[in-house]
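**Student:** Got a structure for you, written out below as structure tokens; questions coming shortly.
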């Protein structure tokens, strides 16, 4: 084989090897290529919480100002990503005086810590449902939490976009985030429980592939 033929053979071999690795890479990354991005629709979603009060009753509330995105492919859990940004001052328990106290330095200290954020790390299958694990940042403290969820859809809305739903519930300890204000009751126990139950019901609309 002459020099020119050897050079051509080398070039074909190079491109053949490169093409092979590109096919392997693309095959491994179909999860990312197929994943679609959905934007949270606050008009059809809710972020609720509940705490025990005086050890005998439950007070509920919600955050009403938030935004976020979800990257999701129902065929590939590893492609899942989500980010949520909540305006701490949008807390609403339907009682103005209580809301003002919750916004103060005793609790959320919203002037110093205006945002509550969640950023997912992974989605794990659990039977017919999932668990989202990620970092929750609140009151200047970041902790990893896990939220068992059910993901529904996608379905096609009358508006022509794909829509998914996500619902779940978990419990956190507010002391872990430095939110520690309380009062001891004469009868024993505390005015406000440390455990906070969080319930999320999310609807998100398609923004296209990543």
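**Student:** Among (1) outside any strand (DSSP E or B); (2) out of contact with any strand residue (DSSP E or B) (no Cβ under 6 Å at 6 or more places or on another chain), there is one condition residue 176 misses while meeting the rest; what is its number?
**Tutor:** Unmet condition: (2).
Each row is one residue, and each column tells you yes or no for (1) at pLDDT below 95; (2) closer than 28 Å to residue 79 by Cα.
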position: 115; (1), (2): no, yes
position: 125; (1), (2): yes, yes
position: 134; (1), (2): no, yes
position: 140; (1), (2): no, no
position: 164; (1), (2): no, yes
position: 181; (1), (2): no, no
position: 200; (1), (2): no, yes
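The values are calculated or read from the model by the stated rules, or taken from the named source; none is laboratory data. All values reported here derive from a predicted model rather than from experimental measurement. Cβ: placed from backbone, ideal geometry, glycine included. Neighbour counts: every protein chain shown.
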